[in-house]
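Have a look at the structure below before the remarks.
The values are calculated or read from the model by the stated rules, or taken from the named source; none is laboratory data. Because the structure is predicted, anything quoted here is derived from the model rather than measured. Every residue, glycine as well, gets a Cβ built from its backbone with ideal geometry; the counts of neighbours run over all protein chains shown.
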Amino acid sequence: MSANNSRIKGDRKTPTSDQPTVIPGKQEDSEGQFFIAGLCGSAGGLEAFEEFFKKLPPDTGIGYVLITHLDPTKKDIMPQLIQRYTRMPVVQAEDDMVIEPNHVYVIPPNNDMTLSEGVLKLHTPSMPKGVRMPIDVFLRSLAADRREMSIALIFSGMGTDGVLGVKAIKEKNGTVMAQEPSEAKFDSMPQSAINTGMVDYVAPAADLPEQLVEFGKNYQRLLSKSVAEITKKPSDIDKIFQIILRRTGHDFTAYKPSTVFRRIERRMTVHKIKDLKGYIEYLNGHADEVDSLFKELLIGVTNFFRDPEAFNALEKEAIPQMLKKVAPNSLIRVWVPGCSTGEEAYSIAMVLLESLDGRPNKVQIFATDIYSEAIEHARKGVYPDNIAADVSEERLREFFTKEDSYFKVKKRVREMIIFAEQDVIHDPPFTGMDLISCRNLLIYLKPEAQTKIISSFAYSLNPRGILFLGTSETLGQFSDLFTTINNRWKLFGRKEYATRREVQTIIPAATSNPIERMNIQARVLRPPTVELAHQALLDLLSPPAAIIDHNGDIIYIHGHTGKYLEPAPGKASMNIFAMARKGLDTELSIAVDRAKRNNADVVIKSVEVQTNAHTQTVDVAVKLITQPEALKGLFLVSFHEAEKPPKARTSKAATAGKSETSRQLSEELKYTKDKLQSTMEEMRASQEELRSMNEELQSTNEELQSTNEELTTSKEEMQSLNEELVTVNSELQAKLDDLTRTNNDMKNLLNSTDIATIFINNNLKITRFTSSATKIVNLLPGDLGRPITDISTNIKDANNGNSLIVQESRRVLEKLVPVEKQIVTKDGDWYIMRVLPYRTVDNVIDGVVITFNDVTQMKQLEKSMKAAKEYTEAVIATIREPLVVLDNAMHVINANKSFYKTFHVSPEETEHHILYELGNGQWNIPDLKKLLENILPGKRSFDDFKVEHDFPSIGRRVMLLNARMIETGAGDGLILLSIEDATDRA
């Protein structure tokens, strides 16, 4: 057995085999863990598995788990079938079986299977046959157990099972491979996995083993070298960040180095690149790889109702608390930063709709992410049918519609959410939020970025707004601004007294600039001398006091209040009534109650407060705070030490005790009478209001009965009309959508052509124009609807450029014949102006279309070519030696006068004829032919080639030939051949 048998605990089982297990160290990480690969397929998957195992070496050091959709009523023979194609042991998985490398485990029929600490666990399927997702179930557990040492391979199959598992694997930095869909018997499963954008390799099933083995080798090589590399050369990572920034506009310097590097390392492994320098070069040459790295760094993995217990706490604990604050008809605002493909935002929308339960509140959710493709996917609201594993049947019926193998979020839910592209680190936050859900984003960021984001959340939230974080995230230094609703699931409420101004002063402290942050902290920690003096005077002269709300909860304490307040036994509480010492509790309740009822200051004199060893006499003052605005409605309770009243002299202690008891009973009776009197007054006032309201309701009821009769008679009429309106509205909406789409298409088409275009109607009034038309005609957006005759132009014309446009437009409207003219502007630009009739779909003339095509460059080129031609002809004509111009086929293009004169030929006999045929073949010289056709193309020129020949017209001559190849730029070269008569020198 293998060395991993030591991992067996209790009755955990390991597969037995006579074949020894080979575990190469190259596939294990530093902790001895090895890769585990989930091989997933359904219909047609057997053929793909056969091709895969035929090419797979038996000693890769990877453990393989085969997950397929099996018939639960039939015996499984998959292990026997797979065993034919591999030398590795193939066994059917059992509960508590330990996975070993170089072994294959096959899921048994009618079971779900998960992985925990390298041990397989079998479960009875929770879903009925036909909607089970065993692949997602296993891959999710594989990702959680093996993290970056997890591999998913998706083969031929029907449906979308595996999509959620692929996302979970990528979230943990694992690896995903998929069979080439065009090669798969059924391409639905691999194609669905590829559509997530998270597949690292796509190849035919027979090629995947090679990719798998090569991946393992590269991974181990990088694992041993890359950490040292990143430590020595952080500038390389900065270069990668700069490349991403230039390509995408997004900065990743706020991300934790370990998070970033693991994903860079993964991409290097995919492309078999050994070091960061090589990967930087690869990024510079492959823009698509920059996009892939950007997508991988985003870690855009999510699912519906992620951590169901957390959403249960949100629904049962946090949202009810939030709804107590909001008015019945107010708008509830929610922000979901880092929303990825939208599952989190839609989950919160569903929970809010269920929690409102008929309340008239409207909900608006802002869901943001920096990845535009994820935002686009979220807007569509289309998800694979395997979301049934995360969304209950009731919610699927209520909030989704089924379309083929997908679920689509209903329109009423999609309309609640505004998806937008936003960088939560650098862009300004939304404000006035009642709920912010940012889960599992902060864990990937540096502490400075976390601080900045949490401070912006505190600023964005309304008082008592809810903050929903991931289970591994904390509030950090801002915990004093929030109350804890559920610490396990990270639900927090922003304290009501933490005003936006107070929160706003914290935001600059979240700067990522260390020097700036130190300066800010210094200003906060070391206040000016005046403020220190002010504080000292307060401590010396002002009495101990506490600020409380209407419930008695203490918001702020000044001075030493221990003589009067102490923590109550049991659950910790900051309520002043619970903390009041004996003797003070009753009087304090009376004073606060009077202050609330009368909206006036209340002072109670000479209250006996019992301390640890004696009693203390104190005057209690309760003041309603009206200024500043942030503290309005709170109460200031202050304690002033007073002298004890003189004790009555008595010789009997019993009499004193009775007197004290009588006094306390008298005070309690007085307090009770006051409360009773107040209650009776409130009850009498309520009775009068109810009596008046009852009369009004009776009158209103009579009116409503009369109105109800009228409404009943018109109900059927309204229902019929409503049906007609709905039908018409649907048709109009469809036409409006088509019109909007057509208008957008037309606008984009016109702008993309970069052709200046003006539309005018039969009355010569402007109906539309493109932006480029403003270069020729002085148009402004407000000129729509104005006559073209009122607009000046930049056309250079002897009469008037405007008159030219008007004249040609009227001519086209009259004769319906298009007009085309060349015009020049005052800036010297040339255009071809075309005026065409504007025809409607009904073939009705409704104006003209005027277009201006810029031909300035063509005019300049034409002028340059003409000048060059004249120049060349002049040069050739002035040369005294015979000169001839040939093309690649040795046809004579041109010759100078000296050539015609020397050899007694005419242009008609020479031009466009082959050189060797001129003068009865007098130039058909083999050596010359060899030079021109074989040597010249390689050397590009030759000089002083001596030709001695009998020319029919001039006799025997000795000629020196010089030739040059001339590139024309059109792909065809010319040959310039000069001839010098050297007979006299021979």
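So the values come out like this:
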| item | result |
| --- | --- |
| Residue in the range 568-578 that is at pLDDT 80 or above, touching a Phe, Trp or Tyr at 6+ places or on another chain (Cβ under 6 Å) and either in the same structural domain as GLU448 (by TED's automatic domain parsing) or not in a helix (DSSP H, G or I) (or both) present | no |
| In the range 427-466, the residues that are in a strand (DSSP E or B) and hydroxyl-bearing (Ser, Thr, Tyr) | SER437 |
| Filter result (surrounded by fewer than 13 Cβ atoms within 10 Å (Cβ to Cβ), more than 18 Å from ARG839 (Cβ to Cβ) and not basic (Lys, Arg)) within the range 742-770 | ASN743, ASN744, ASP745, ASN748, SER752, ASP754 |
| Residues (surrounded by 11 or more Cβ atoms within 10 Å (Cβ to Cβ) and not charged (D, E, K, R)) located in the range 924-934 | ASN924, ILE925, LEU928, LEU931, LEU932 |
| Identity of the residue in the range 847-884, touching a residue at least 40 places away in the same chain (Cβ under 8 Å) and over 52 Å from the mean Cα position of the chain (by Cα), that ends up nearest to PHE903 (Cα to Cα) | PRO882 |
| Given (1) out of contact with any Leu (no Cβ under 8 Å at 6 or more places or on another chain); (2) surrounded by fewer than 18 Cβ atoms within 10 Å (Cβ to Cβ), number of the condition ASP601 does not satisfy | (1) |
| Selected residue (criterion: nearest to TRP335 (Cα to Cα)) from residues of the range 380-404 that are in contact with a strand residue (DSSP E or B) (Cβ under 7 Å, 6 or more places away or on another chain) and in contact (Cβ under 8 Å) with a residue 24 or more places away in the chain | GLY381 |
| Subset of the range 304-319 (residues that are assigned to a helix (DSSP H, G or I) and either touching a strand residue (DSSP E or B) at 6+ places or on another chain (Cβ under 8 Å) or within 15 Å of CYS438 (Cα to Cα) (or both)) | ALA310, PHE311, ALA313, LEU314, GLU317, ALA318, ILE319 |
| Residue count, the range 467-493 (criterion: over 18 Å from LEU445 (Cα atoms) and assigned to a loop (DSSP other than H, G, I, E, B)) | 3 |
| Positions within the range 947-962 being surrounded by 12 or more Cβ atoms within 10 Å (Cβ to Cβ) and of a type outside the set (Phe, Trp, Tyr), in sequence order | VAL947, GLU948, HIS949, ILE954, ARG957, VAL958, MET959, LEU960, LEU961, ASN962 |
| Residue satisfying all of: in the range 889-918; within 17 Å of SER953 (Cβ to Cβ) and of a type in the set (Asp, Glu); surrounded by the fewest Cβ atoms within 10 Å (Cβ to Cβ) among these | GLU908 |
| Test: residue in the range 935-943 that is in contact with a Phe, Trp or Tyr (Cβ under 9 Å, 6 or more places away or on another chain), surrounded by fewer than 17 Cβ atoms within 10 Å (Cβ to Cβ), assigned by TED's automatic domain parsing to the domain that holds THR872 and farther than 21 Å from ARG880 by Cβ | yes |
| Members of the range 187-218 found to be of a type in the set (Gly, Ala, Ser), modelled with pLDDT of 85 or more and touching a Lys or Arg at 6+ places or on another chain (Cβ under 7 Å), listed by number | ALA206 |
| Odd one out for GLY921 among (1) touching a Leu at 6+ places or on another chain (Cβ under 6 Å); (2) in a loop (DSSP other than H, G, I, E, B); (3) exposed (fewer than 13 other Cβ atoms within 10 Å of the Cβ) | (1) |
| Qualifying residue in the range 220-234 (condition: in contact with a helix residue (DSSP H, G or I) (Cβ under 8 Å, 6 or more places away or on another chain), buried (at least 19 other Cβ atoms within 10 Å of the Cβ) and modelled with pLDDT of 80 or more) | no |
| Any hit, the range 724-740, residues being at pLDDT 80 or above and surrounded by 10 or more Cβ atoms within 10 Å (Cβ to Cβ) | yes |
| Qualifying positions in the range 198-216 - more than 15 Å from PRO181 (Cβ to Cβ) and assigned to a helix (DSSP H, G or I) | PRO209, GLU210, GLN211, LEU212, VAL213, GLU214, PHE215, GLY216 |
| Pair list, Cβ under 7 Å, 6 or more apart: the range 808-829 residue in a loop (DSSP other than H, G, I, E, B), other residue among the hydroxyl-bearing types (Ser, Thr, Tyr) | ASP829/THR856 |
| Hey, ARG956 assigned to a strand (DSSP E or B), at pLDDT 80 or above, assigned by TED's automatic domain parsing to the domain that holds ALA874 and more than 19 Å from THR878 (Cα to Cα) or not | yes |
| Search result, residues across the range 160-193 that are surrounded by fewer than 24 Cβ atoms within 10 Å (Cβ to Cβ), over 18 Å from HIS69 (Cβ atoms) and either among the basic types (Lys, Arg) or within 22 Å of the chain's Cα centre (by Cα) (or both) | ALA168, GLU171, LYS172, ASN173 |
| Test set (1) in contact with a His (Cβ under 9 Å, 6 or more places away or on another chain); (2) under 21 Å from MET189 (Cα atoms) - VAL65 fails condition number | (1) |
| Pairs, first in a strand (DSSP E or B) in the range 542-561, second among the charged types (D, E, K, R), C-beta under 8 Å, six or more apart | ILE555/ASP549 |
| Test: ASN762 is in contact with a Gly (Cβ under 9 Å, 6 or more places away or on another chain) and not β-branched (Val, Ile, Thr) | yes |
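Yes/no matrix, rows are residues, columns are (1) among the aliphatic types (A, V, I, L, M); (2) over 14 Å from LYS563 (Cα atoms); (3) outside the structural domain of PRO567 (by TED's automatic domain parsing); (4) part of a loop (DSSP other than H, G, I, E, B):
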| position | (1), (2), (3), (4) |
| --- | --- |
| LYS582 | no, no, no, yes |
| ALA591 | yes, yes, no, no |
| ARG597 | no, yes, no, no |
| GLU608 | no, no, no, no |
| THR617 | no, no, no, no |
| VAL620 | yes, no, no, no |
| LYS623 | no, yes, no, no |
